[in-house]
Structure formats: structure tokens, C-alpha cells
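Q: I'd like to ask some things about the structure below.
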Amino acid sequence: MTKEELAEFRPWYEIHPDRAHLSDENILTHMEPELRNALKIEEEGYQKRINQVLRWTFDNNCPYMVCAE
């Protein structure tokens, strides 16, 4: 994704206010340095960018995002 594409993301709670009450869960994960560096362009807010990317893949039916309900 380009910087411009990332800048177009809106917080998930604005797009899905019905889910805003759900609590967050901390996880530990490892990612490739190239991906980490792209998300941490600025030190502040990189967790938010990670969540936005994951939310986008989920909401757009990415085949890698399978939700067990």
C-alpha cells in the first residue's frame, strides 16, 4: 500500500459504530522488517495503522481473513 492509500483509511469505529463496544485484546506477533517499517513511518499511531489494515482486509473479504463465529 502507498502512503496515500493508508491516509485514506478511517478508524474502524467510524465505519462500524455498532462494533465500537467490543474490547481490544493484546497479541504478540512477528512481522517482516519491510512491513514493520512501512507501518512505523511515524512512531506515533502505528498500532492504529495495523488495525486499519487488518480491518480493511476483513471487511473486504480477503481470503486470508477467515472469521470463526
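Q: Considering only the range 37-64, how many residues are outside any helix (DSSP H, G or I) and within 12 Å of the chain's Cα centre (by Cα)?
A: 1
Q: Between a first residue in the range 52-69 that is modelled with pLDDT under 85 and a second residue that is part of a helix (DSSP H, G or I), which pairs have beta carbons less than 8 Å apart while being 6 or more apart in sequence or on different chains?
A: Pairs that qualify, where the first residue is modelled with pLDDT under 85 and the partner is part of a helix (DSSP H, G or I), are 64/57; 65/54; 65/57; 65/58; 67/58.
Q: Got a number for residues in the range 12-44 being closer than 21 Å to residue 59 by Cα, modelled with pLDDT under 80 and surrounded by 10 or more Cβ atoms within 10 Å (Cβ to Cβ)?
A: Qualifying residue count for the region: 7.
Q: Let me ask you something else. Give me the pairs, please: first residue somewhere in the range 1-14 and closer than 19 Å to residue 34 by Cβ, second residue anywhere and aliphatic (A, V, I, L, M), beta-carbon distance under 9 Å, and either six or more positions apart or on two chains.
A: Close Cβ pairs (under 9 Å, with a partner that is aliphatic (A, V, I, L, M)) amount to 1/38; 1/53; 3/38; 3/41; 6/38; 6/39; 6/41; 6/53.
The values are calculated or read from the model by the stated rules, or taken from the named source; none is laboratory data. These figures come from a predicted structure and were not determined experimentally. Positions of Cβ are backbone-derived with ideal geometry, glycine not excepted, and every protein chain shown enters the neighbour counts.
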